[in-house]
Amino acid sequence: MAFRIRIEKESIKFSCSHFTIFGPHEAEALHGHNYYVTAEFGLRELDPQLGMAFDFNLLKPILKEECDKLDEHILIPKNSPFLKIERTLEQIKVTHGKKSYAFPEEDVIELEAVNITSEELAREFANRIQQRLKGVPKAERINALTVGIQETRGQTVFYDLKF
């Protein structure tokens, strides 16, 4: 099937803080981005009576809700071999090399990732969307998903999933 649905809207974005790790003793300073998300859904088939896969409005809320979960948080890679993560009295303390940060627990989201990069965010986002599609009517028509994470204008990483 040669049809794809692409959704990229101004409202499908999230802002967060992070630092990218470059090794055991080197990392960026803590900073933030406004990430824009693009999702492209490959289709197995169309509804033969309607000539369409399904109403796009079934997908847009999923994308927006997943963005909202990450919005205005500090993202920490739970699986980094270079970070020490400790929890103390409603705080999360993160240590990398000689730097330590203490954040209010409610401001932090730990992702199943080894680093907070656009690549890891694209994979995480794609996996979250794939799980959410299981409850969407007619989503069985989707056989592929590509998620793009735009870190800054002109810099986008894409991650592909085949179903």
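Can you find even one residue in segment 42-63 that is surrounded by 18 or more Cβ atoms within 10 Å (Cβ to Cβ), more than 29 Å from ALA139 (Cβ to Cβ) and either among the polar types (S, T, N, Q) or modelled with pLDDT under 95 (or both)?
Among the residues of segment 42-63, not one is surrounded by 18 or more Cβ atoms within 10 Å (Cβ to Cβ), more than 29 Å from ALA139 (Cβ to Cβ) and either among the polar types (S, T, N, Q) or modelled with pLDDT under 95 (or both), which makes the answer no.
Do we have VAL157 as touching a residue at least 12 places away in the same chain (Cβ under 8 Å) and farther than 27 Å from ASP55 by Cβ here?
Yes.
May I ask you to verify whether ILE142 is surrounded by 16 or more Cβ atoms within 10 Å (Cβ to Cβ) and touching a Cys at 6+ places or on another chain (Cβ under 9 Å)? Break it down stepwise before answering.
Details: surrounded by 16 or more Cβ atoms within 10 Å (Cβ to Cβ): yes; touching a Cys at 6+ places or on another chain (Cβ under 9 Å): no.
In short, no.
Can you name every residue in segment 104-163 that is more than 23 Å from SER11 (Cα to Cα) and aromatic (Phe, Trp, Tyr)?
Result: PHE163, single match.
Six or more apart or on different chains, Cβ atoms under 6 Å: show the pairs whose first residue is in segment 127-149 and in contact (Cβ under 8 Å) with a residue 12 or more places away in the chain and whose second is surrounded by fewer than 18 Cβ atoms within 10 Å (Cβ to Cβ) and among the aliphatic types (A, V, I, L, M).
Once the first residue is in contact (Cβ under 8 Å) with a residue 12 or more places away in the chain and sits in segment 127-149, its partners that are surrounded by fewer than 18 Cβ atoms within 10 Å (Cβ to Cβ) and among the aliphatic types (A, V, I, L, M) give GLN130/LEU161; VAL136/LEU58; ALA139/LEU133; ARG141/LEU43; LEU145/LEU161; ILE149/VAL157.
Give the residues of segment 12-43 that are assigned to a loop (DSSP other than H, G, I, E, B) and among the hydrophobic types (A, V, I, L, M, F, W, C), sorted by residue number.
ILE12, PHE19, PHE22, ALA29, LEU30, listed by residue number.
From LYS93, LYS78, LYS134, grab the single residue that is at pLDDT below 95 and exposed (fewer than 14 other Cβ atoms within 10 Å of the Cβ).
Numbers: LYS93 fails: at pLDDT below 95; LYS78 fails: at pLDDT below 95.
Only one candidate passes the filter, namely LYS134.
Listed residues THR117, THR152, THR156, THR146; which is at pLDDT below 95 and of a type outside the set (A, V, I, L, M, F, W, C)?
Exactly one of THR117, THR152, THR156, THR146 is at pLDDT below 95 and of a type outside the set (A, V, I, L, M, F, W, C), namely THR152.
Can you name the number of the only condition in (1) of a type in the set (Val, Ile, Thr); (2) within 16 Å of LEU145 (Cα to Cα); (3) modelled with pLDDT under 95 that VAL37 fails?
The one condition VAL37 does not meet is (3).
The values are calculated or read from the model by the stated rules, or taken from the named source; none is laboratory data. Predicted model only: the values in this text are computed from it and were never measured. No Cβ is skipped: glycine too gets one built from the backbone with ideal geometry, and neighbour counts run over all protein chains shown.
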